[in-house]
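J.: The structure's right below; bear with me while I get my questions together.
The values are calculated or read from the model by the stated rules, or taken from the named source; none is laboratory data. Owing to the predicted nature of the structure, the values given are computational and were not obtained by experimental measurement. Using ideal geometry, Cβ is built from the backbone for each residue, glycine included, and neighbour counts are taken over all protein chains shown. The accessibility values were calculated without ligands, DNA or RNA, using every heavy atom of the protein model including side chains. Shrake-Rupley method; radii C 1.70, N 1.55, O 1.52, S 1.80 Å.
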Amino acid sequence: MAVIDPGFAGLSTARARGELPANVVTRDFSGTGLEFGTGHGTAVAEIVHDVAPNAQLYLYKISDEVDLENAVAEAIAQGIDVVNHAVGWFNTSYYDGTGVIADIVQPALAAGVLWVNSAGNYARRHYKGVFRDSNANRWTEFAGADETLDLQANAGETIQLYLTWRDWPLTAQDYDLLLVNAQGATMAVSDKTQNGGQEPTESLRFFVPSSGTYRVKVQAFSATAAKELTLFSLFHDLEHAVAQSSIVTPADVHGVFSVAAIRQEAWQAGAPASYSSQGPTNDGRAKPDISGPDNGQTSTFGGFEGTSAAAPHVAG
């Protein structure tokens, strides 16, 4: 089994504690150091090992699409049976099972690898709706006449937003993404040009200087058609959130086994976690494929919430 993940901090400690076996095979495709950065992959690997203690584990660290492609090739070469990828990729398609990440995953599926992927934790951090502008001022109306999606952020946090619209692969419909504070002052802007030769995407990152309300706005800069918009907030719940179709790539890919989360203490009742991404995909397919428990204990994170914890239970 292979765990393909952005980081394995604490791996040496987990091995020393007996939480992971000494014979794990590791490869750092990112070149940044296997144990530098997040311990996400280590916690994932702990769960896989708990469920499947006799499985030979391969831990592959990645940081971008090229690393992912190299990790997939290595997994195939090593005869890996199951891949766990508790990662979501944004703005690589219209979340319909296509695009560059889907293309990278396809060789593994063709080789008979079972690819298990977290569905995402974006049921409260996702918006989807057709562009509306009843007063012709070029600002998207998200709900009624409301032209903003509010979120609450604390000082020191990062706001990360991803916007795309249904006009792939290339578009001449130009939308812009803005973040303003509660007083309406612009904090960050993503205003790439789309004039026919560019992908329909905008994204922005903002380091929060003071706690409070921040507001997301979308402007039709030179759009002549009302396109369906999809927006994800990586770290913060959104006002007017739309839980449906909040699954991220490659959990949306044909043949990928996508996993939703049910908190382990609610497992018997079976209610999905409120943050667990929901289907269908943006091309209308039923996803996720299965649910797994989360909020169990790991030595790396303690309680480990989210579909990233549910996926390795299923993979194991």
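J.: Based on this model, can you work out whether residue 104 counts as in contact (Cβ under 8 Å) with a residue 24 or more places away in the chain, open to solvent by less than 30 Å² (accessible area, probe 1.4 Å) and in a helix (DSSP H, G or I)?
T.: Numbers: in contact (Cβ under 8 Å) with a residue 24 or more places away in the chain: yes; open to solvent by less than 30 Å² (accessible area, probe 1.4 Å): yes; in a helix (DSSP H, G or I): yes.
Considered against the rule, which asks whether it is in contact (Cβ under 8 Å) with a residue 24 or more places away in the chain, open to solvent by less than 30 Å² (accessible area, probe 1.4 Å) and in a helix (DSSP H, G or I), residue 104 comes out as yes.
J.: Moving on to the next point. Which residues, taken from region 126-163, are part of a loop (DSSP other than H, G, I, E, B), aliphatic (A, V, I, L, M) and modelled with pLDDT of 95 or more?
T.: Passing the criteria: only 155.
J.: Moving on. Taking the criterion of being in contact with a strand residue (DSSP E or B) (Cβ under 9 Å, 6 or more places away or on another chain), part of a loop (DSSP other than H, G, I, E, B) and without any contact (Cβ under 8 Å) to a residue 24 or more places away in the chain, would at least one residue in region 251-270 satisfy it?
T.: yes
J.: Oh, and also: Could you tell me which residue of region 173-232 is farthest from residue 126 (Cα to Cα), considering only residues that are assigned to a strand (DSSP E or B) and among the hydroxyl-bearing types (Ser, Thr, Tyr)? Write out each step before concluding.
T.: Of the residues in region 173-232, the ones assigned to a strand (DSSP E or B) are 175-181, 186-190, 198, 201-207, 212-220, 228-232.
Filter once more, so that each one left must be among the hydroxyl-bearing types (Ser, Thr, Tyr): 175, 186, 190, 201, 203, 213-214, 230.
Numbers: 175: 18, 186: 22, 190: 18, 201: 15, 203: 14, 213: 17, 214: 16, 230: 7 Å.
Within region 173-232, the match that is farthest from residue 126 (Cα to Cα) is 186.
J.: If residue 239 satisfies all but one of (1) outside any loop (DSSP other than H, G, I, E, B); (2) modelled with pLDDT of 95 or more, what's the number of the condition it fails?
T.: Exception for residue 239: condition (1).
J.: Any idea how many residues of region 273-300 are modelled with pLDDT under 95 and surrounded by fewer than 23 Cβ atoms within 10 Å (Cβ to Cβ)?
T.: 5
J.: For region 239-272, what are the residues that are of a type in the set (A, V, I, L, M), under 30 Å from residue 148 (Cα atoms) and surrounded by fewer than 22 Cβ atoms within 10 Å (Cβ to Cβ)? Outline the logic, then answer.
T.: Taking region 239-272 first, the residues of a type in the set (A, V, I, L, M) are 241-243, 247-248, 251, 253, 256, 259-262, 266, 269, 271.
If we keep only those that are under 30 Å from residue 148 (Cα atoms) as well, we get 241-243, 247-248, 251, 260-261.
Hits for region 239-272 are 241, 242, 243.
J.: What pairs come out if I take residues in region 11-35 that are closer than 16 Å to residue 75 by Cβ and pair them with residues that are aromatic (Phe, Trp, Tyr) and surrounded by 19 or more Cβ atoms within 10 Å (Cβ to Cβ) whose C-beta lies under 7 Å away, six or more apart or interchain?
T.: What qualifies is 25/58; 27/60; 29/60.
J.: Residue check, residue 144 against (1) open to solvent by 10 Å² or more (accessible area, probe 1.4 Å); (2) in contact (Cβ under 8 Å) with a residue 24 or more places away in the chain, all met but one. Which one?
T.: It fails just one condition, (2).
J.: In region 287-316, what residues are part of a loop (DSSP other than H, G, I, E, B) and on the phi > 0 side of the Ramachandran plot? Break it down into steps so the answer makes sense when it comes.
T.: Of all residues in region 287-316, those part of a loop (DSSP other than H, G, I, E, B) come to 287-289, 295, 299-301, 305-306, 316.
Those that are part of a loop (DSSP other than H, G, I, E, B) and on the phi > 0 side of the Ramachandran plot: 295, 306.
J.: Still on this model: Give region 205-222 a look and list any residue that's open to solvent by 30 Å² or more (accessible area, probe 1.4 Å) and over 28 Å from residue 193 (Cβ atoms), or say none.
T.: 209, 210, 211, 213 - these are the residues of region 205-222 that are open to solvent by 30 Å² or more (accessible area, probe 1.4 Å) and over 28 Å from residue 193 (Cβ atoms).
J.: Would region 120-135 turn up any residue that is surrounded by 23 or more Cβ atoms within 10 Å (Cβ to Cβ) and closer than 17 Å to residue 4 by Cα?
T.: There is at least one residue in region 120-135 that is surrounded by 23 or more Cβ atoms within 10 Å (Cβ to Cβ) and closer than 17 Å to residue 4 by Cα.
J.: I've got another one for you. Do we have residue 182 as over 20 Å from residue 94 (Cα atoms), of a type in the set (A, V, I, L, M) and loosely packed, with under 14 Cβ neighbours inside 10 Å here? Break it down stepwise before answering.
T.: Details: over 20 Å from residue 94 (Cα atoms): yes; of a type in the set (A, V, I, L, M): yes; loosely packed, with under 14 Cβ neighbours inside 10 Å: yes.
Considered against the rule, which asks whether it is over 20 Å from residue 94 (Cα atoms), of a type in the set (A, V, I, L, M) and loosely packed, with under 14 Cβ neighbours inside 10 Å, residue 182 comes out as yes.
J.: Scan region 1-53 for residues that are open to solvent by less than 30 Å² (accessible area, probe 1.4 Å) and polar (S, T, N, Q) and jot them down.
T.: 30, 42
J.: Output the number of residues of region 280-304 satisfying the condition of being under 30 Å from residue 228 (Cβ atoms) and free of Cβ contacts under 8 Å to residues at least 40 places away in the same chain.
T.: In the first step, residues of region 280-304 are kept if they are under 30 Å from residue 228 (Cβ atoms); the result is 280-291.
Now restrict to residues that are free of Cβ contacts under 8 Å to residues at least 40 places away in the same chain: 280, 284, 286, 289-291.
Result for region 280-304: 6.
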